[in-house]
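Here's the structure we're looking at; comments come further down.
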Amino acid sequence: MSSQFADWLNEVARKWQEAWEKAEAFKADPRDGKRKLFVTAAFPYTNQPLDFYYARLFVTADVYSRLARAQGYNVLFPFAFQYTGTPIISVANAIKRGDSEVIERLEKQYDVSPGEVKGLSDPLEMARYFHARIKEAVRALGLSVDWRREFTTVDPAFERFVQWQYRRLREKGLLKQEDAPVAYCPVDNFPVGMHDTKGDVEPEVSDFDAVHFDSSDFSFLAAFPRPETIFGTVAIMLNPEAEYVLVELGNRKAVMSKEAHERLKYQRDMKVLRSLKGKELEGLTAFNPLTGTQVPVITSRYVSPKQGTGVVGAVPAHEPEHFLALAELGREFELIPVIKTEGLGEIPAPQVIDLAQTANPQELKDYIDTLYNLEYHKGYVREDVVDRVRDFLKPIVKEMIAGKSVREARKAVVGILRNLGVHETFYHITNGPVYCRCGAETVVKIVKGQWFVDYSNPLWKATALKAVGRMRVVPEEMKKSLERYVFEAKPRAITRTRGLGARLPWDDRQIIDQLSDSTIYMAFYAIAHRLKVPPSALNDAFWDYVMLGEGDLNEVSSSTGLSKEELMSLREEV
Ligand SMILES: [Zn+2]
C-alpha cells in the first residue's frame, strides 16, 4: 500500500472518529421500545500493549455491534482493563530484578523507552502505562465503544462488587478451604503460575506414592510411580555416589536423597539427622510391608537422586530400567510377575528391552511409556499375589486386589499401605524442571487453608448445565465442549498472596486472583458509569438490590443512603 493511500485512509478515519465522538454516537442508555443488545469481548491484561490477538477479538466484536445497530438494536459495547494478579506483578518484578529477557522485550518489541521501563517496576504504574497505550490503540482502531463505562479491576467500586460475590458464594456453601499443593518459587517465596516462569510454562502438579521399607531403626522411603507393582519388589536401589539424608518424618526416621529432601521439605516438616553416600548403605536389608520379605539394599548408576525420593523399589519383572540395572550388577535376582496383560508375556520387562533392541534409558522411554499404558488400561493383577503377602493381609488382598484391574488394584494397594502406616503422599512437578523467572527451579509447596470455589458441587453443575442448554453457541459444536467442561469442572483455587486486586473479605492477606474476579465482571458495565457514590453506599444490600432485584427498597435506601429513585434507576440499567 502506498503511503499516500495510507495517509488518506487515516485522514478519513480521523474525520469520522471525531464526528462520532462529537455526536456521542456510541453512548448507550436503556431506551423504551428498543431491543437491547450487549456486546462484550474479554478485557485485556495491562502488562503489555494491545497485540493482534486482542485487536482481532475487539474488531470482531465491533463489526458485530455495528451490524446490530444498523438492524435497529440499542447496542452497548463497553471496554475495561484487567489490573489484577500475577501477570502484571511478575513482569514488574522481572524489571526490578533487571531480567534482560523481559527488559529487552519491553524496549525492542513493545517500544517502551529505557527511561520509561524503570518506572514500570511498580505494578500499578505498569498497569496504568499499558492501560493508556491500549486505550490509545483501541481509539485509533475506531471501535464503537461507550467509554463512559470504562473501569479497572482495582477501582474501589469494582472491588466491592467482587467482595459481595464471594460473601454470597460463601453463604451458599460454594466455597471450601483445604490444604493444597501449589507450584512455588523457593527464592521469591510465592506460588507461581504460567506467567511467572521462564518460557511461560504452566507447572503441572501431581502426587506420587512413597512407601517405608523398614530397616533396623529407620526406613528406606521408596517412591512407587506404580504402587500395585510393590508385590514384585526384589531390592531397594540407591545411587552409589549421591548424597542421602536420614530425616525425621512424623514419628519415623527415613532415608531419601538429599536432592529429594531439598524439594520435598516444602511439603512436610523434615529434620535432617545425618547425611551419607548411597554406597555407605549398601548391604543392609529392608522389609517389604506387604509381602513381609527382606530385600537387599543395593546401588546402581541407573538411580537418579533427582527423581521421586531418590530411593527405588526394584521391580525387574515390570520395570525395564530396573531389569537393566540388576542385570548390569551381575547379581542373581528373582523375577516376580504381578500383572498379566493380554498381548504381553508373563515377564514383560526383558521382553520390552528385546523389542527396543537398546539398553539406553533415553531410547527406551517410548517403549516404557507404552508398557505402562498397556498395563494400566488392560492389565489385571495376578491371582497368585495372594500367596506372596503376609498372612493377615491375605483375605483383604484376595478380595480387593487379586484378579482386579490395575486401576482398581492401585487404589486398594494405597489404601492398605495407608492403614499399615507405611505410606506417604508427596507432590512433584510432572513437566519439570520448570524455572521461575528469577532462575530458581520451582518446587511444590503445601499451602494451608487455601480457598476454592467448589465447582464439583452437583447442584452448581446442574444449574450451570441448564444455563448452557439455553445458550445459542456459534459454532454449534462448541456447545458440547462447554457442557463437558462444566461436567468435568473441579474445585479451583481463588486466591494468591500477592498482586493487585480485591482482598478476600474475611482474610485481607489474600487477594482474589485474576480469573476469579472476572467471572461475571461484564455485569458491572451496566452501572459502571453511575457509581459516583461514597464507597460505603456499595454494601451487600446495594448489590443484592441492583444486580439481583432482591431486598426491600425502603431498607436498601436507608442502609445505603441512596434515594429510592436513584436505586430504581440503577436497577433498570441491569
Ligand atoms: Zn523466583
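A compact table of results
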| item | result |
| --- | --- |
| Sparse-neighbour loop sites [trypsin sites (Lys or Arg not before Pro); segment 495-574; at most 14 other C-beta within 10 Å; DSSP] | Lys532 |
| Rg over Rh, two decimals, segment 419-574 (C-alpha only, Kirkwood Rh) | 1.07 |
| Helix-only mean residue ellipticity at 222 nm for the chain, each DSSP H run of n ≥ 4 adding -39500 (n - 2.57), per residue, nearest 500 | -11500 deg cm²/dmol |
| Quotient of C-alpha Rg and 2.2 N^0.38 Å, computed over segment 205-429 | 0.97 |
| Whole-Hz ³J(HN,Hα) from phi, Karplus 6.51 cos²θ - 1.76 cosθ + 1.60, for segment 240-248, glycine and proline x | x, 8, 6, 7, 10, 10, 9, 10, 8 |
| Overall Cα dimensions of the chain, principal axis frame, Å, largest first | 91, 59, 48 |
| In segment 442-536, the GluC sites (Glu not before Pro) that fall in loop regions by DSSP, at most 15 other Cβ within 10 Å | Glu476 |
| Heavy-atom accessible area per residue - the chain, 1.4 Å, Å² | 51 |
| FRET E, pair Glu282, Leu420, Förster distance 25 Å, beta-carbon r, rounded to 0.05 | 0.40 |
| Globularity index of segment 1-114, i.e. its alpha-carbon radius of gyration over 2.2 N^0.38 Å | 1.44 |
| Shape call, segment 417-459: gyration tensor on alpha carbons, a/c limit 1.5 | oblate |
| Accessible area (Å², 1.4 Å probe, nearest 10) - Phe151 | 10 |
| Sequence-distant residues sharing a close amide H with Ile339 (under 5 Å, placed H) | Arg382 |
| Gained length - Ala467 relative to Glu248, 0.36 nm times residue gap less alpha-carbon distance | 73.6 nm |
| Over segment 2-54: Rg over Rh, Cα atoms, Kirkwood Rh | 1.11 |
| Solution diffusion estimate, µm²/s, Stokes-Einstein, segment 281-381, Kirkwood Rh from C-alpha pairs, 4 °C, viscosity 1.567 mPa s | 89 |
| Gain upon complete extension [Leu515, Glu101; 0.36 nm per residue less C-alpha separation] | 146.4 nm |
| Per-residue HN-Hα couplings for segment 290-298 [Karplus 6.51, -1.76, 1.60; θ = phi - 60°; Hz; x = Gly/Pro] | 9, 8, x, 8, 8, 10, x, 9, 10 |
| Hz values of 3J(HN,Hα) by residue in segment 339-350 - Karplus curve (6.51, -1.76, 1.60), Gly and Pro given as x | 10, 10, 9, 4, x, 10, x, 5, 10, x, 4, x |
| Carbon and sulfur %, accessible surface of segment 205-429 computed with the full protein complex present, 1.4 Å | 47 |
| Computed E for Phe38/His377 - FRET, C-beta separation, R0 45 angstrom, nearest 0.05 | 0.45 |
| Degrees separating the helix 564-573 axis from the principal Cα axis of the chain, which is the longest one | 70 |
| Glu125 versus Glu11: modelled label distance in nm, points set 7 Å from Cα along the beta carbon direction | 4.1 |
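The values are calculated or read from the model by the stated rules, or taken from the named source; none is laboratory data. If you're wondering where the values come from, they're calculated on a predicted model, not measured in any experiment. When we count neighbours, we look across all protein chains shown, and the Cβ atoms used for this are built from the backbone with ideal geometry, even at glycine. Surface areas here come from the heavy atoms of the whole protein model, side chains and all, with no ligands, DNA or RNA. Shrake-Rupley method; radii C 1.70, N 1.55, O 1.52, S 1.80 Å.
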